[in-house]
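The values are calculated or read from the model by the stated rules, or taken from the named source; none is laboratory data. Model, not experiment: these values are computed from the prediction. Please note: Cβ atoms are built from the backbone with ideal geometry, for glycine as well, and neighbour counts cover all protein chains shown.
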Amino acid sequence: MSRQEIVQVLTIFVASPSDVAPERSRLADVIAELNRSWSQTLGVRLEMIGWETHVNPGFGTDPQDVINSQIPQDYDLFIGIMWHRFGTPTPRAGSGTEEEFTRAKARWDSDNPTVELMFYFKCEQVPIKQLDGKQLAKVQEFKGTLGEQGGLYWEFDSTEDFEKLLRTQLSRVVQRWHEKTKEKSRPVVMNDKQTTAMAAAPSETEEVGLLELGDDLQDNMQHATEALQRILDATNDIASKMSEHAKIVERMNSTGTNSPQEMKRVTSRAATDMSEYAERLKADRPIVASRMEAGLDSLTKAVSLFPDFATTSETYEVARSLLSSVEHMGNVLSETKGSTQGFLAAVTSIPRLTTELNKGKRLMKTELGNLVGMLESQEQVISQLEAAISNMLDDFIDEAEFVKI
């Protein structure tokens, strides 16, 4: 007799226009990765549902009606994704995605324990050639209605950020769902061939263990912190220099020695300092970004591996160590962002006295703006990871007698 394995299936319906195809693909990758762990440990398998894979050619009152009639309506999780396209109108809604959300929301309104709703909006800048003002306006209008309906959506800046958020948030959803459906979930019997197929594709997560991922996190966070500290030091240094330049100009004005030649010499030194600072940011910002990306990638993979382990003291200590690292990095990011934003405001107010000074100012504003954007993106991911790990620690405290407070 062939070996059979019983798993619970959590079905995920994904609704989105065509412009977020990379995110849909990344979602499928994350689901495949998590299934390799959860099917063995929690006895849970995620199944992604979409019109591409679950709808056959057919006829109805309109194409969306055909999709509605063939998509199972008893899915457990609805995930909506939008960027700059709203989609094609249907006879019943502004787009197919909106209609699919409306149907899911109606089900949640009538019986919310049976389905969870999650909506994501991509905030990456839209290429000019792809931009359709009317479509973007509809997306923004729809986004505004979610809050009015009691919804909390999440924004992300890149496909990579979406992957990290999704891996973490799906981990939390699955654990909640698993606890809620232990007694009444839908079992599926998988034979050897099906089980082997799920685990066939190799992945980095399968090769790297929890402790190794923790080491990778610590190493990358250390290098990211060092680069951020260099940025902080450079920002404090340039702020001091700009203050000195301003005092010289003020003294020249008060003593009547502000000749055009002397003023140009002062502004030239200021412009040189500004350009050098911009170059330092340009060099250190990619280091922070790459190290943060690698570290947070290791962390999200570590979080997704937690269900592999029983609530042991060792696992608890690993989780606490990870949380401590994330909290520290969050504090450093917050401090750097605050300092950077304050300095950016000061730079913006510098008068345009010479061409050289204007160039230095423009370079600084560009690099400072890029840095703030990167820090805000990383803060968003870190806040989610902090919440996920904190919840897991709370679960450990609730379930494990070994934890001593």
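Overview of results
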{"item": "Residue match in region 178-195 (condition: in a helix (DSSP H, G or I), modelled with pLDDT of 80 or more and either of a type in the set (Asp, Glu) or more than 32 Å from the chain's Cα centre (by Cα) (or both))", "result": "no"}
{"item": "Residue list for region 57-74, filter: acidic (Asp, Glu) and touching a residue at least 60 places away in the same chain (Cβ under 8 Å)", "result": "74"}
{"item": "Only listed residue being part of a helix (DSSP H, G or I), modelled with pLDDT of 80 or more and not assigned by TED's automatic domain parsing to the domain that holds residue 156, chosen from 268, 254", "result": "268"}
{"item": "Filtered residues of region 284-319 (kept if modelled with pLDDT of 80 or more and surrounded by fewer than 18 Cβ atoms within 10 Å (Cβ to Cβ))", "result": "286, 287, 290, 294"}
{"item": "Residue 104 being aliphatic (A, V, I, L, M), in the same structural domain as residue 51 (by TED's automatic domain parsing) and part of a loop (DSSP other than H, G, I, E, B)", "result": "no"}
{"item": "Hits in region 69-101 (condition: among the small types (Gly, Ala, Ser) and in a loop (DSSP other than H, G, I, E, B))", "result": "87, 93, 94, 95"}
{"item": "Evaluation of residue 133 against (1) at pLDDT 85 or above; (2) within 26 Å of residue 76 (Cα to Cα); (3) loosely packed, with under 14 Cβ neighbours inside 10 Å (one fails), failing number", "result": "(2)"}
{"item": "Where residue 29 falls short, out of the listed (1) touching a helix residue (DSSP H, G or I) at 6+ places or on another chain (Cβ under 7 Å); (2) under 30 Å from residue 131 (Cβ atoms); (3) outside any loop (DSSP other than H, G, I, E, B)", "result": "(1)"}
{"item": "Any hit, region 266-274, residues being without any contact (Cβ under 8 Å) to a residue 12 or more places away in the chain and surrounded by fewer than 17 Cβ atoms within 10 Å (Cβ to Cβ)", "result": "no"}
{"item": "Those residues of region 253-298 which are touching a helix residue (DSSP H, G or I) at 6+ places or on another chain (Cβ under 7 Å), of a type in the set (Lys, Arg) and over 30 Å from residue 168 (Cβ atoms), in sequence order", "result": "269, 280, 282"}
{"item": "Among (1) over 18 Å from the mean Cα position of the chain (by Cα); (2) buried (at least 20 other Cβ atoms within 10 Å of the Cβ) - the single one residue 112 does not satisfy", "result": "(2)"}
{"item": "Test for residue 275: is it over 30 Å from residue 210 (Cα atoms), part of a helix (DSSP H, G or I) and of a type outside the set (Phe, Trp, Tyr)", "result": "yes"}
